[in-house]
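Here's the structure we're looking at; comments come further down.
The values are calculated or read from the model by the stated rules, or taken from the named source; none is laboratory data. Please read these numbers as outputs of a predicted model, since none were measured by experiment. Cβ placement follows ideal geometry from the backbone for every residue including glycine, while neighbour counts extend to all protein chains displayed.
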Amino acid sequence: MSSHDENGIPHTTPRQSATFTSDVNSDIRRAAATGIYDIRGGGAKRKVPNFDDLLFMGASISRYPLEGYREKCETSVTIGGLHASNPIELDIPITIAGMSFGALSGPAKEALGRGASAAGTSTTTGDGGMTPEERGHSSKLVYQYLPSRYGMNPDDLRKADAIEIVVGQGAKPGGGGMLLGQKISDRVAEMRNLPKGIDQRSACRHPDWTGPDDLEIKILELREITGWRVPIYVKVAGARPYYDVTLAVKAGADAVVLDGMQGGTAATQDVFIEHVGQPTLAIIRPAVQALQDLGMHRKVQLILSGGIRSGADVAKAMALGADAVAIGSAALIALGDNDPKWETEYNKLGTTAGAYDDWHEGKDPAGITTQDPELMKRFDPIEGGRRLRNYLKVMTLEAQTIARACGKNHMHNLEPEDLVALTMEAAAMARVPLSGTDWWPGKPGTGY
Amino acid sequence: MQTFDLEALGLRKLNSTLHEQIEDTNQTAWEVINPKGSHAIAVGLDSPIEVTIKGSTGYYCGGMNQKATIKVVGSAGPGTAENMMSGKVIIEGDASQYAGATGHGGLLVIKGNASSRCGISMKGINIVVHGNIGHMSAFMAQSGNLVVCGDAGDALGDSCYEARLFVRGSVKSLGADCEEKEMRPEHIQILKELLAEAESDAKPEEFKRYGSARNLYNFDVDNAAAY
């Protein structure tokens, strides 16, 4: 490129727009070429305030630490003791979030069950019903009760260790789901009672109840069907956490699952994922506040999900008041999703390892988010289960390491006072002091 | 006949007692008195017993029923026979909204009228309504048969899949991707059997059939206005 024109006048430096970035322009070109919005899997990819913006202070003279590897730091958690005669007892406070058979292959669901069971925690069904693979390999299985009711039946309901009424999902608060035709194999079609190969829509709200008063009656019905034995969770997206948690508890939930916008989905519109919902960091304190205002904190358990990746995230979520966390995307990565060993094949699909999110197309090189028999053969559920178990164990050890450093002999003893924030935004959302100060935006009594 | 006083003994006792009835129980006939609009009456039953409820019921009466025959001598609140798998639920009076929602099997008979969203997301259940049905009925209905001896409200069969919708009277409007379909001999036969089982004297030949035009089964930008 020449630096001057034919008259010797210098060109200005070519300048890319901060508004029309190359990403934006490619989105526009794709829309113009196809006439359909971009559908993808996963959660929000935009940068939002998150747990990386928080730090633990650790012990000092005022608080003494516990000896690593020597002094105990408990990780167990009981979920659903308020109303259920058989609450869920977990060894670790990290659960596996709901992911459907259909979105995932049968062997992938089996691996989730194997890994979770080996680590002493629960896994969760998804939109599409309960498969024998996951029931058989999950020592504790949470059965999702979704708007679509695909595969819902009383026999499976009574086989479940807990029921999770799904009201919303962090990736798409207020949205339903869509499983595109290419993933509708004979088995998926049969379980959902729909023709093979068609786009299967999942409704955005329940067909037989609306609002908190109805939800209370729906919970009563499910308890009566299951003899009041198993806990009933209510899963809500990070939309209006204070009010949603309040209403879920009022309706009689044993536990509330709260899912932030970094939480993944099998498939929905990119515009939905990136522009609807709130960051996980922003929703936890209002939710805990709701429980505290009702006198139900630690009685109704709060399970936080949406972008949990490490033991540090687990510890931070629990310090802010969660009783446990749930992981979905991270569990898939542990199984082998987006592994660089498939880079050549990701390139053929126009993407790269780490960025692959067209899970709805069923072409997953790792054989996890697919129903293609040939691709599924690449995934070994026993090996996948072992990898997930390892990952869950590492996360737990990391969380314990932090908790001990803060002088806690149980993960639940972590508290907001153990944390500081690195940014004003994170301080305001987490309601912990900005590092080096005793202040956060909105702190009561400060006038800000 | 076993008589159960719901007001005196409570809901938990009723459902647990009915759940205890096994396949070959001798106590096959039950009468529930004083229901007084209670919710979740006779839900999750799983044996071929007959339960007659003497009065009106609240939400979800007969929910997730399997094998049992449940008769309501009165009217039923929202979501009656929701997600029924098999068996039979008969409502002598009217039914509120969401009757037979997501049902997988069995027969729901409503001898009066049904409110809105009757048969929403139905997945194999058969529903016969002697009277009229409200708006948005059979929304996203997947399979099974909805038979309406009276009239249907607005947006019948919106976004339905393979369910068959039979209406004897008028249809105020059809929902997205729902159209009138040809009545073939096999449909007359289906109607004949369902009407007989539902104790209706309507003639199969008097009905029109509606179902999915199948234009929205796979996304097409040219149909964007219908989404």
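Key figures
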read-out	value
Top-ranked residue in region B:27-65 [being surrounded by 16 or more Cβ atoms within 10 Å (Cβ to Cβ) and part of a strand (DSSP E or B); ranked as nearest to the other protein chains (Cβ to nearest Cβ)]	B:T57
Odd one out for A:E190, checked against (1) crowded, with 24+ Cβ neighbours inside 10 Å; (2) more than 10 Å from chain B (Cβ to nearest Cβ); (3) more than 29 Å from A:L291 (Cβ to Cβ)	(1)
Residues within region B:155-203 that are in a strand (DSSP E or B) and over 19 Å from the mean Cα position of the chain (by Cα), tallied	5
Answer residue from region A:417-435, given it is in contact with a helix residue (DSSP H, G or I) (Cβ under 7 Å, 6 or more places away or on another chain) and surrounded by fewer than 16 Cβ atoms within 10 Å (Cβ to Cβ) and is nearest to A:V314 (Cα to Cα) among those	A:L422
Every pair of residues 6+ apart whose Cβ atoms lie under 8 Å, when the first sits in region A:203-217 and is over 14 Å from B:S96 (Cβ atoms) and facing chain B (nearest Cβ under 10 Å) while the second is surrounded by fewer than 18 Cβ atoms within 10 Å (Cβ to Cβ) and at pLDDT 95 or above	A:E216/A:K250
Every pair of residues 6+ apart whose Cβ atoms lie under 8 Å, when the first sits in region B:80-102 and is within 11 Å of chain A (Cβ to nearest Cβ) and farther than 16 Å from A:D214 by Cα while the second is of a type in the set (S, T, Y) and buried (at least 23 other Cβ atoms within 10 Å of the Cβ)	B:N83/B:T102; B:G100/B:T80; B:T102/B:S121
Scope region B:66-79; condition within 8 Å of chain A (Cβ to nearest Cβ) and surrounded by 22 or more Cβ atoms within 10 Å (Cβ to Cβ); matching residues	B:P78, B:G79
All positions within region B:166-188 that are touching a residue at least 12 places away in the same chain (Cβ under 8 Å) and not hydrophobic (A, V, I, L, M, F, W, C)	B:R168, B:G169, B:S170, B:K172, B:S173, B:G175, B:D177, B:E179, B:E180, B:K181, B:E182, B:H187
Residue within region A:260-273 that is buried (at least 24 other Cβ atoms within 10 Å of the Cβ), assigned to a helix (DSSP H, G or I) and of a type outside the set (F, W, Y) present	yes
Residue in region A:228-251 that is buried (at least 20 other Cβ atoms within 10 Å of the Cβ), away from chain B (no Cβ under 14 Å), touching a Gly at 6+ places or on another chain (Cβ under 6 Å) and among the acidic types (D, E) present	no
Condition met for A:D270 (under 25 Å from A:L90 (Cα atoms) and of a type in the set (D, E))	no
Selected residue [of a type in the set (A, V, I, L, M), buried (at least 18 other Cβ atoms within 10 Å of the Cβ) and free of Cβ contacts under 8 Å to residues at least 24 places away in the same chain] from A:I198, A:I163	A:I198
Answer from A:M152, A:M178 - the residue that is hydrophobic (A, V, I, L, M, F, W, C), within 13 Å of chain B (Cβ to nearest Cβ), part of a loop (DSSP other than H, G, I, E, B) and touching a residue at least 12 places away in the same chain (Cβ under 8 Å)	A:M152
